[in-house]
Structure formats: structure tokens, C-alpha cells
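Just so you know, all these numbers are worked out from the coordinates, no wet-lab data involved. Quick caveat: nothing in here was measured; it's all calculated off a predicted structure. We place every Cβ from the backbone using ideal geometry, glycine too, and count neighbours over all the protein chains shown.
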Amino acid sequence: MEFDKFQLSNLKENKLKNHIIQRGLVWNPKQIGLLWDSILHEIPIGTILLLDNGNEKQVLDGQQRLNAISLGFGQYLPDNPDSVVWINFKKDNSFTLMVTTISHPWGYNDNEDCSKLRAIEQRYAIKEFLGEDVDEWSIYNSDAISLKSTWPFKAELPIPLQVLFQAAENDSSNFVECANKIYKDHFSNAYKKKIDHEQLNIALACLESYIRNALKYEIGATIMTLESIETIETLFNRINKGGTPISDDDLAYSTIKAYFKFIKDKEDEVSAYISPAKLARMSLRIIETDIKKNNNGFVNHLSLEKIREKGCDKEYVRKISDFYDNVPYLLKQVDDVFNHSKIPDVLKARIANQSTDLYMLLLYIKYHQFYEIDDEFLSGLVFYIHWFARDISICVNLCHQYISKHDKKLDAIRLALAHAVNISNLTPLITPDEFDKMLKIEAHDKWNPGLSQWNELWNRVYTNKEMLLYFERSYLSGCFRNYNPLNLKMWSEHNTPWDYDHIIPQNWFGNYSEHNCYARFCRNYWLNNIGNLAAIPFETNRSKSDNDDWSYYKAHDQSLKVDIDAVEELSKDPSIITSDPKTALDFATTTFRRCGEIYRDCYDNLFRFISIGEQDLTQLANERKKVLDGLNRALRNLGENSGYYYVTQDASIELPVDTYWAWNMPWMSCGIIVNSFFYVALTCYLDYEAKPEPQLVFEIGVRRNPGTIEIKHELPRFDKYTQYNKDWWYIERDFNNEKEQFEIDSIRDEIMKLKTFVERETSYT
């Protein structure tokens, strides 16, 4: 182990090469400012750790500090910088460090947290930068501003740090004059509009000693000679337990790069919508699943110990290398899936980085060249699962299981979806026309959707802001065309550049008593409904505030699709929305109508390609259908008005079968309604978890009427039946025949015997 020192001036270009296992740049403006404040005040910033491999010295710890130093010198893309470090010189001759970035060209507040500027302050900054107030201006749809033409808006006297260093290096005799010239030549906009030139000369004279001393500032370096990649990787992971937190993905990725060195070389070819760390981890899962020939779904993420073990297996390394040779092509194909349905970049990023199992499924399908599953179907599949699955990994694993066992891959995925619906993990869909008719809205305090059949669907739609973003896709692509949601240079604390604006403002409902039933009705179900929201620029939303100004919506009526006539009618007297039942109802119906338009757009462009029909019933569901169909025919031959009913997710009552989705539901019954309150029926459950294989579970007895939510009467004990008199059953017993084929006639006779019993015992009803 050796020790060395580096002068700051020798590190300005950050020519030291990072070791392959290093993670990407993760520091934020606050950390960069604090580092430079320490340097200028000659406070130690700790040592860096270098690895000497005989040919060169590589950075094992200290990458973030070295990058921050490079930024201060302005060596990072100097012609079009992504960030600029500034000194904010104050009237008392003190100074602080501030940073401007491509996502915050106006900089941050001059406080300990480097907090973001308020919207109104950002607007004032824009006016200063451009010389005019442009309402629709956004840093994401304009090339008018670069960081060479902006400055930290909250600074008293902003001076680019790189200007000072260049002046100190270029002229040893007249620092102030040289700095003035460099500032004027390279940051002319700030120099003209923000600078008090007399104060600038005072500041430069005060800062000269800090800058010249900083050039001599020394950073200690510990140099280690390590031969074992295992030792290097273990040491790196141990170091990164402290400092800026390292994520599980980054930790695993460091180990992966240590053993699969070719992966690092592919980083530049990775899609803009997924991080290299996530891609590497899912790639190992795909190959490991293939090697194990696992028909029960994808294997879990490999542990660090498992990655090390696999990294020593030459054949395994070759398989991963072959896969990565195809990665650029596979990523292009996955991107084509998204582009086929014009998915906005922000939703691509969310699939890739939040629903990684889904992204992995797309990679898997493209890697194995299942061309039968076209892009139109895949885009619908991804967002159907992403938006309507209770557990995405279960759906993805079901898709893999069925693909592995069936030759027809498209049919296999349909069966997987049917299976997911059956186990209540996936919400079934309805057509847009059915959606438009699903609610009967009445304006009163006790109203609720009351959707026993489609409650789960409604809950997943009416607050789904991602569906709203898809609905606004053409608007977003135009208004924020330069927004890249995965650009690491946008900095971690920067959110999306839009706000979700309440079209009918939120404050119009907030000043009324909870006893006002119409205010409560509007707030509970419609205020935050996606039908009353629009994603518009942050600056525009905050300036609009709660005013009844709909000019922005009028200007974008084709892309935002807001019913301006209805909105303006509602805004004539905001107070009556929460006091007049007709106006409250108008607000609700207007909101529901636009919510329906959003659902229709998503359905027509995504979901209609994956709707389930008769051909998509699983084998188990088909077996049940044969039994219940046979029973239904036998009862109708006796003149009985029998019927099918099923229970959907979270339902409190049984519902009549009107769609093939119903045949994939967990519970389904066939029987006869007796005396209005009783349902004599055979009920069958699809038990996919049964061992050693899935099976049908039958029960028979007397249930409550499918149209009721509680048991209202009593039945005595009868024969072999168990008496319940609560929840679903009055009396019930298992009816699992061990024969391969159920005897429909015996089931029919049992149903008729039960009917006679109910009629005899309940004649009082």
C-alpha cells in the first residue's frame, strides 16, 4: 500500500480512469457546492482510493469527488455544459457555492438544502434570461437557453468558478482584468444583466487568494495493488456501505461488472429508458431461467454470492456474452413495441425502471423470437398488467409458465391472463361503451359508485394518472420534447416538468363545511378524478392557480380534450357547485365523461387487442363450463329457469354471466332462484394451487339470492348438509365426485330435491 498526493490543478480534467465496477454519477448540486466550499476554505475532503494494476491507476473510491472537481473547472462539456458551479459573492465579502443544471437553469435557493425555486421565481428568471415573459416557455421544448446564458437567480453576485480558475491560470499578473474578460466573453448574458461591475471588481480581488490557493490544494490518495477481482469487488462494496447510499441495483451491478467485464463496454448502447444496472440484472435472470429450464416462472434476482459463482463459470459467461451481443438489437425491438402505440417516454421509463419484470418479459419474448406475439398485442399486454395487476410478478411468471408449456405462444399468453383473472390477481376489462354506462350518478351525500361488479376496475381507472399521460401523449411529446426522464444529468431531486392541474380548481371545494353534502359528493368522487385533471407545464399551472382562466386549455383543446363549454358554464358561479344539486351533478357528469374518454382511448389503442374470448378459457375453466352447461341444460329441460352467476374481485353479491371474462372467475354457480330469497345451486371453484395438480372444487346447497348482499332468513338442518345461515350459504356440503365424468342427472336430481325442501320450509316468504 502506498500514499500519494495530487494537486487540484492536476485533477481538473479528471483523467484518472474509473475502475470498471464503479457506479454512475450520483452526486447532487448540494454535495457539489459543499465540496467546493471545503476546498476553497482549505478543509480536507478525504483521500481517494486508487488501484494500481501495473499499467495504470484506476479510481476505486472518490469518483464523485473527482467529477465534482472537474465540474468546477468547467472541463465537463465546456461548450454546452450540463451544470455550472458558481460563487455567490455577498456584500459582507463572504461567499457560498451554487450550481445551475440543465433541469434548473435558474439554479437553486441559497440555503443549506439547495431547495428548488418557487414557480413564480422560475417565471421571473425566465423573463430575465429571455428578456420577455413567455407563458408557454419550458426548458423542455426550447433551445433558446443554455447554461452559458443563465445564472443562479437567487445569487447576489454570481461568478462562474471556472472563470476564476481560467483567469488564475491564464494571467499571473492581472487576475481581475483577465477574469472580467473571460466572464464577459463566455457568460455574456449574466455579465450584462446581473453584474454590478464595481462590486464584481471588489469580489474578484477578494477571491483571488482563494482561487490561487485552491490550485495548490492537495488531495491525498491511497494506492493499493490488488490482484484478486474478488478482493477488489468485496472492498468496493464495503466502502460503499457508507457515503452516498448505494442501491441494491448498483451494488449488484458493481459485482456483475467485476466478473462480466464486457457488460461495461455495452453501457453506451443501452436504451435511454432503462439503467444499465437494471438491464444487467434482468439479463442474468433470463439466461439463468433458460439454463434451468424453469417452467414455473422466472428465477429471482441472483445474490452477490451467486453472481460471483456464475462469473467463474466460463460457459455461463459465454452465454451472457452472447446475450449482450444481441442487447442493442433487443432494446431496439422493445422500443419498437412502445413506439407502435406511441407510448410517452415517461411511461417507457416507468415500465423499464418500476415494472422491471414486465420489461424483462418483453426482452425474453424478443430474445426468443416469438414473432407470433406482435408489437400491437405486446404493448397492450404490458400496460394491461402494469395498470390492472395486483402483483405484476405473478402475472409475468404466469405468462412465462404458459409460454413454456404451449407451442402457440399468443394463445399461451391469453391463457395466462385468464388464469391471472381467475386467481383475482388481474382485473377484467369492459368495453368503452359498457364503461360509459357503468355508473348512475346522483348528487347527494350518500351516493357512491356501488359497483359490486366493476368496483376494482373503477378504482384502478379513475385515479390512474398514467392513463391520463397516455391520453395526452401527443401534447406531451410536443410540449416537453427535450425531456428525458432517465437522463442522470437532470439530477435526482428534479421531478417531472408538469403539474396535475385541477381543471375545476381544488379550492372551489375546500371552504365548505363537511355537512354540505354536495361539497362532500364532489370532493369524494370527482375532484381528483383523472377526468378533472390535466398534466400541464409546472409554470403554467402555478400561474393559473385557482383563477377561472381557461385560455391555456382553449389553446390546446385538440390535445388536452377538455370540454371548455361545460367548464365555463360551471365556472360562472363556483359557489353553487357545492350547494346546488344540478350544478354538482353537472360537474360529476362532465368529469365522468372525460374519464370515459381517457378509458376509451387507452382501450382502443391498447387493450382491445388482448380481450379474452371463448377460445381463451384455460383447460380447467373449460372443464367447469362443460359441467355447468350440462347442468343448465338438464334443469331447463325440466322447465326450470336456471342461470349462471359468478363472483368477481371484491364483489359482495353474485352477478349474472354476460361476458367470457366471467368464465375465468374463481367462483361460479349454476342453479335456480326459489321464493325470491334463495338460490339452489352447484358452485364450482377453480383451484390452481391444488397439489399435485390444479383441480375443480364443487359445493352444493342453498345460497342467498344472487341479487342480495346478506342472508335474511333461516333454514333448518337438512340431510347431509351443514347449516351456516351467514355470508353466502344457508346450507352447504362438498360435492366432489371421484369419477372422471360428473353425472349430470344426479346433480340435477340433487338440485331439485333441495328446491322442494326450500319451498316446503319457506312457504311463509
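Values computed for the structure shown
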{"read-out": "Which of Glu315, Glu732 has the fewest Cβ neighbours within 10 Å, and the rest in rising order", "value": "Glu315, Glu732"}
{"read-out": "Long-range lysine pairs (8 or more apart or interchain), the stretch 433-609, Cα under 29 Å", "value": "28"}
{"read-out": "Convex hull of the stretch 433-609 built on C-alpha atoms - directionally averaged projected area, nm²", "value": "11.7 nm²"}
{"read-out": "Over 28 Å (Cα to Cα) - which of Lys278/Lys366; Lys91/Lys192; Lys116/Lys332; Lys116/Lys192; Lys90/Lys116; Lys261/Lys342 fall in this group", "value": "Lys116/Lys332; Lys261/Lys342"}
{"read-out": "Per-residue HN-Hα couplings for the stretch 210-221 [Karplus 6.51, -1.76, 1.60; θ = phi - 60°; Hz; x = Gly/Pro]", "value": "4, 5, 5, 5, 5, 5, 9, 4, 10, 10, x, 9"}
{"read-out": "Alpha-carbon radius of gyration plus Dmax, which is the widest Cα pair, for the stretch 521-597 in Å", "value": "12.3, 34"}
{"read-out": "Inter-label distance, nm, simple model (7 Å from Cα along the C-beta direction), Val317/Glu442", "value": "7.3 nm"}
{"read-out": "Under-5 Å amide H pairs with Ala690, H placed in peptide plane, nonlocal only", "value": "Gln695"}
{"read-out": "Point-to-point label distance, Ile202-Leu130, nm (Cα→Cβ direction, 7 Å offset)", "value": "3.5 nm"}
{"read-out": "Hits among aspartates and glutamates - C-alpha to C-alpha of Lys148 under 19 Å, sequence gap 8 or more where chains match", "value": "Asp79, Asp82, Glu128, Glu132, Glu156, Asp185, Asp196"}
{"read-out": "Length-normalised contact order of the stretch 617-761 in % [C-alpha pairs under 8 Å, at least 6 apart]", "value": "21 percent"}
{"read-out": "Descending semi-axes in whole angstrom, ellipsoid equivalent of the stretch 389-457, from the Cα gyration tensor", "value": "34, 13, 7"}
{"read-out": "Percent breakdown of C-alpha pair distances by 10 Å bin, ordered from the shortest bin, for the stretch 247-426", "value": "9, 39, 37, 14, 1"}
{"read-out": "Helix-only mean residue ellipticity at 222 nm for the chain, each DSSP H run of n ≥ 4 adding -39500 (n - 2.57), per residue, nearest 500", "value": "-13500 deg cm²/dmol"}
{"read-out": "Cut-off under 5 Å, modelled amide H: who pairs with Asp61 long-range", "value": "Leu49"}
{"read-out": "Residue exposure sequence - Arg318, Arg473 - by fewest surrounding Cβ within 10 Å", "value": "Arg318, Arg473"}
{"read-out": "Cα pair count fraction exceeding 24 Å, expressed as % - the stretch 626-765", "value": "27 percent"}
{"read-out": "Value in Å of the Kirkwood radius, where the chain supplies the Cα pairs that are averaged", "value": "31.1 Å"}
{"read-out": "C-alpha long axis of helix 581-605 to longest principal axis of the chain, angle in °", "value": "80 degrees"}
{"read-out": "DSSP beta bridges in the chain [antiparallel fraction, %, rounded to 5]", "value": "90 percent"}
{"read-out": "Residues Cys312, Cys602, sorted so that the one with the fewest Cβ neighbours within 10 Å comes first", "value": "Cys312, Cys602"}
{"read-out": "Sequence-separation-based contact order of the chain, relative, with Cα cut under 8 Å and 6+ spacing, percent", "value": "11 percent"}
{"read-out": "Value of relative contact order over the stretch 247-426, rounded to a whole percent, pairs C-alpha under 8 Å and six or more apart", "value": "22 percent"}
{"read-out": "In Hz, Karplus ³J(HN,Hα) per residue of the stretch 113-130 (6.51, -1.76, 1.60; θ = phi - 60°; x = Gly, Pro)", "value": "8, 6, 5, 6, 6, 5, 4, 5, 5, 5, 5, 4, 5, 4, 4, 5, 5, 8"}
{"read-out": "Karplus 3J(HN,Hα) series, Hz, for the stretch 377-393 with 6.51 cos²θ - 1.76 cosθ + 1.60 (x for Gly, Pro)", "value": "5, 5, 5, x, 4, 4, 7, 4, 5, 4, 8, 10, 9, 6, 9, 4, 4"}
{"read-out": "Amide H within-cut-off set for Leu606, under 5 Å, with H built and near neighbours excluded", "value": "none"}
